[in-house]
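S.K.: Handing you this structure, nothing more for now.
The values are calculated or read from the model by the stated rules, or taken from the named source; none is laboratory data. Note that this is a predicted model, so its numbers are computed, not measured. A quick note on method: Cβ atoms are made from the backbone with ideal geometry, for glycine too, and the neighbour counts reach across all protein chains shown.
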Amino acid sequence: MRPEYKSNIKTTLDNYRHWWNDKHLARPLLQIYAPRKGVISDHSYNEWVTLAHNLDNPDKAFEEFEKYCQQTYFGGEAIPRFWVNLGPGVIATYLGCELKIKKETIWIEERGDLSWDEILNLQFDQNDKWWQLTKKLTRKAGRYSSGKYFTSITDLNGTLNILASLRGTQNLSTDLIKNPKVVKKACEKILDIWFQCYDELYQICSRYQPGSITWMGVWFPGRGSDLQSDFSAMISPDMFQEFVIPDIKKQSRYLDQTIYHLDGPGQLVHVKHLLEI
């Protein structure tokens with residue numbers, strides 16, 4: 001990577017390597033983003049919506065991101081990275097859900113009307129418009145970066161989150177009790193799609209940068225990703241052990257490095273099970 005926006009990028013990547021390899025560091029890893037001293041910020045970049053607002057002209061998003069990088073101090077282990085953000089759990093859009101784009105946020109609209117037979121018979125269409133767009137934007141972001149910054153793999157999110165978009169959060173919550181075997185079968189299906197998407201996006205990103213990075217801004221020396229299950233804030237530790245931990249283990253075995261995104265205090269009850277992996 002070129003030290004265009006972070007002069008000590010080599011040291012930063014070395015610090016991450018040491019951290020992943022359990023080597024001693026003099027301090028914790030820190031990510032610090034701040035306006036550069038003496039610089040008046042005039043960029044309009046917002047990682048949550050700028051790309052989504054410019055899907056027909058993504059170069060505008062890349063240009064605003066570069067202005068943001070020029071005007072931002074990336075301290076500690078903060079890394080300049082362009083997040084290809086098309087919503088959390090975007091895989092649900094590849095399977096028929098709708099992406100909602102508003103002024104200040106984007107999200108995946110729940111279908112909530114799919115039966116389990118319909119969900120289990122869903123096919124991942126490689127020609128789906130949102131999947132094709134995800135790959136196109138990732139390629140364009142990588143080419144545009146010219147090695148000056150990293151391109152993030154989109155937010156694939158967790159299997160239960162994706163299922164909640166297809167089945168409906170309330171329906172899925174009761175299904176964990178009434179139809180646990182079907183939920184687990186559906187999770188296997190979603191996880192297979194997750195792996196397919198990850199592999200293709202990693203291959204694209206690896207043409208332009210070493211290792212990998214996701215929306216959290218954490219750098220992985222190899223094939224890595226954040227793992228998460230925001231849905232699990234609503235379930236018990238026993239259910240977390242039964243429905244979430246198996247997927248987390250499979251993803252951790254499949255990838256070289258993983259980190260768990262603990263989404264809010266409602267998930268603190270699950271830390272014990274996570275630490276046992």
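S.K.: Do the conditions hold for Trp19, that is, is it at pLDDT 95 or above, among the aromatic types (Phe, Trp, Tyr) and more than 20 Å from the chain's Cα centre (by Cα)?
M.R.: Taking the combined requirement at face value, the residue satisfies it.
Okay, residues lined up against (1) at pLDDT 95 or above; (2) out of contact with any strand residue (DSSP E or B) (no Cβ under 9 Å at 6 or more places or on another chain); (3) among the hydrophobic types (A, V, I, L, M, F, W, C); (4) in a helix (DSSP H, G or I):
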site: Glu118; (1), (2), (3), (4): yes, yes, no, yes
site: Phe124; (1), (2), (3), (4): yes, yes, yes, no
site: Lys135; (1), (2), (3), (4): yes, yes, no, yes
site: Gly142; (1), (2), (3), (4): yes, no, no, yes
site: Thr151; (1), (2), (3), (4): yes, no, no, no
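S.K.: Looking for something part of a strand (DSSP E or B), touching a Ser or Thr at 6+ places or on another chain (Cβ under 8 Å) and crowded, with 19+ Cβ neighbours inside 10 Å - is there at least one such residue anywhere in region 189-200?
M.R.: Within region 189-200, none of the residues are part of a strand (DSSP E or B), touching a Ser or Thr at 6+ places or on another chain (Cβ under 8 Å) and crowded, with 19+ Cβ neighbours inside 10 Å.
S.K.: In addition: Scan Tyr68, Tyr5, Tyr73, Tyr16 and give me the residue that is in contact with a Gly (Cβ under 9 Å, 6 or more places away or on another chain), of a type in the set (Ser, Thr, Tyr) and within 28 Å of Lys140 (Cβ to Cβ).
M.R.: Being in contact with a Gly (Cβ under 9 Å, 6 or more places away or on another chain), of a type in the set (Ser, Thr, Tyr) and within 28 Å of Lys140 (Cβ to Cβ) holds for just one of Tyr68, Tyr5, Tyr73, Tyr16, which is Tyr16.
S.K.: Let me ask something else. For the structure I just gave you, tell me whether Asp56 is assigned to a loop (DSSP other than H, G, I, E, B) and either surrounded by fewer than 15 Cβ atoms within 10 Å (Cβ to Cβ) or free of Cβ contacts under 8 Å to residues at least 12 places away in the same chain (or both).
M.R.: yes
S.K.: Considering only residues that are aliphatic (A, V, I, L, M), in contact with a helix residue (DSSP H, G or I) (Cβ under 7 Å, 6 or more places away or on another chain) and not in a helix (DSSP H, G or I), which ones fall in region 230-261?
M.R.: Passing the criteria: only Ile235.
S.K.: Separate question: Asp247 is checked against (1) crowded, with 19+ Cβ neighbours inside 10 Å; (2) under 18 Å from Asp155 (Cβ atoms); (3) without any contact (Cβ under 8 Å) to a residue 40 or more places away in the chain and fails just one. What number does that condition carry?
M.R.: Result: Asp247 fails condition (3) only.
S.K.: A further question on this structure: Listed residues Gly217, Gly222; which is in a loop (DSSP other than H, G, I, E, B), touching a residue at least 24 places away in the same chain (Cβ under 8 Å) and touching a Lys or Arg at 6+ places or on another chain (Cβ under 7 Å)?
M.R.: Gly217 is the lone residue from the list that is in a loop (DSSP other than H, G, I, E, B), touching a residue at least 24 places away in the same chain (Cβ under 8 Å) and touching a Lys or Arg at 6+ places or on another chain (Cβ under 7 Å).
S.K.: Going residue by residue through region 21-41, is there one that turns out to be surrounded by 17 or more Cβ atoms within 10 Å (Cβ to Cβ) and not small (Gly, Ala, Ser)?
M.R.: Within region 21-41, none of the residues are surrounded by 17 or more Cβ atoms within 10 Å (Cβ to Cβ) and not small (Gly, Ala, Ser).
S.K.: Which count do you get for residues in region 250-277 that are exposed (fewer than 15 other Cβ atoms within 10 Å of the Cβ) and over 19 Å from the mean Cα position of the chain (by Cα)?
M.R.: The qualifying residues number 9.
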